[in-house]
Amino acid sequence: MRRGREEPGRLHGEPPPRWARIAPAAALVGLVLAQLLTPGDVELGFFLAGLPPVAAFAYGPGGTAIFAAIVLVLLGAPSLGIGHARGTDLATVAVIGLLSVVIAWVRRRRDAQLVSVRTVAEAAQLAVLPPLAERVGPVRCSGLYRAAQRGTLVGGDLYDVRAGPYGVRALVGDVQGHGLAAVGTVAALLGAFREAVLDDAELAAVAARLNRRLASDAAAAPDGHPELFATALLLEFPPGLDLVRIVSCGHPPALRLRGPAVDEVAVDPGPPLGLGLAGPAPPTVAELTVRAGDRFLLHTDGVTEARDAAGHFYPLAARLPVVTRDPEGLVRAVWRDLAAFTDGGPRDDVALLLLTLDGPE
């Protein structure tokens with residue numbers, strides 16, 4: 001299962017809904033029929049003059065011009081029995097039609113510019129957080145990401161899974177803030193993590209590298225960001241060993257699913273990245289024995305801090321035995337359950353990463 005993303009069209013732009021294109025034509029037919037069925041002393045034809053501006057919001061310049069021409073013919077041909085516009089009245093309708101064509105042209109051009117900008121933005125965001133591989137070494141991966149800021153693919157959360165000479169390593173993190181303002185920090189941390197996967201033999205050294213990256217960026221910022229920080233959870237599956245190593249930098253703990261049992265992986269948490277990790281004491285590395293079929297669910301606090309209408313937090317660990325039976329996959333089942341719990345979805349960024357060791361589930 002690949003990373004859950006926004007449905008196609010939300011960023012690329014999509015044509016107006018069908019009802020918006022049908023409405024002007026339906027109104028045209030309705031007004032014509034109403035005028036034909038109405039006594040001659042009641043004038044309804046001039047309502048047709050309002051159709052070209054409406055059409056401009058759903059059609060391009062050509063379609064709007066056709067509507068404007070039809071309205072002029074209907075109002076300017078007395079033999080049709082629809083309207084009896086003459087002189088200045090007909091000129092006014094013609095000007096309205098011309099302005100509608102201009103509006104449609106401007107709208108179409110702005111839509112094209114918006115699609116271009118959004119396409120570039122989507123490409124940039126996908127470069128920061130590319131789709132997750134379905135398998136990395138002996139680990140099967142499934143992820144889901146939902147940004148709090150509507151219309152974006154990347155916010156303040158991050159995750160990645162990479163294979164290197166020291167095994168398969170996974171990262172889930174949560175940068176201070178969310179939305180596009182946090183994307184730069186997300187990109188910096190992911191870049192540092194991908195380098196550390198190849199270069200650093202110890203998982204604690206990976207965390208230290210991420211901390212240095214964040215501290216360096218905060219110090220180099222023009223206005224200074226002394227409170228810039230991020231929480232992170234690092235996992236390592238070393239080759240040839242039936243164990244997983246875990247480092248927590250102030251991040252919510254992972255959950256292990258072994259058959260029907262759900263356990264919280266207890267790890268002594270260190271400080272968040274950017275808040276003192278570079279001190280003399282390295283972060284604590286916990287080791288946990290694993291076996292084939294074990295699943296580890298990593299998440300950000302956008303999941304567990306989501307509230308329902310009564311103010312209750314989402315009970316992720318308690319809900320897992322229920323949603324794990326969903327045939328479409330655990331992470332999507334958790335998201336649907338979370339969206340139902342919060343009546344539409346949480347207001348914070350949400351990241352879910354499921355890691356499954358080879359073997360029967």
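The values are calculated or read from the model by the stated rules, or taken from the named source; none is laboratory data. Please read all numbers here as calculations on a predicted model, not as lab measurements. Here the Cβ positions follow ideal geometry from the backbone for every residue, glycine too, while neighbour counts run over all protein chains shown. Remember, those area values only see protein heavy atoms, side chains included, never the ligands or the DNA or RNA. Shrake-Rupley method; radii C 1.70, N 1.55, O 1.52, S 1.80 Å.
What are the residues in segment 50-63 that are surrounded by fewer than 24 Cβ atoms within 10 Å (Cβ to Cβ), in a helix (DSSP H, G or I) and of a type in the set (Gly, Ala, Ser), if any? Hits for segment 50-63 are GLY50, GLY62, GLY63. Taking segment 188-258 and the strands (runs of 3 or more DSSP E) fully enclosed by it, the elements with 1 or more residues that are hydroxyl-bearing (Ser, Thr, Tyr) are at 230-237, 243-249. Of all residues in segment 92-129, those satisfying the criterion of being open to solvent by 50 Å² or more (accessible area, probe 1.4 Å) and over 31 Å from the mean Cα position of the chain (by Cα) are THR92, VAL95, ILE96, LEU98, LEU99, VAL102, ILE103. Scanning segment 130-170 for residues that are open to solvent by 40 Å² or more (accessible area, probe 1.4 Å), in a strand (DSSP E or B) and not basic (Lys, Arg) yields a count of 1. Residues that are under 17 Å from THR185 (Cα atoms), of a type outside the set (Gly, Ala, Ser) and free of Cβ contacts under 8 Å to residues at least 24 places away in the same chain within segment 102-136 comprise just one, PRO130. The sole residue among ASP263, ASP223, ASP242 that is of a type in the set (D, E, K, R) and modelled with pLDDT under 90 is ASP223.
For GLU264, the criteria (1) in contact (Cβ under 8 Å) with a residue 60 or more places away in the chain; (2) open to solvent by 70 Å² or more (accessible area, probe 1.4 Å); (3) of a type outside the set (Phe, Trp, Tyr) hold in every case but one, which is (1).
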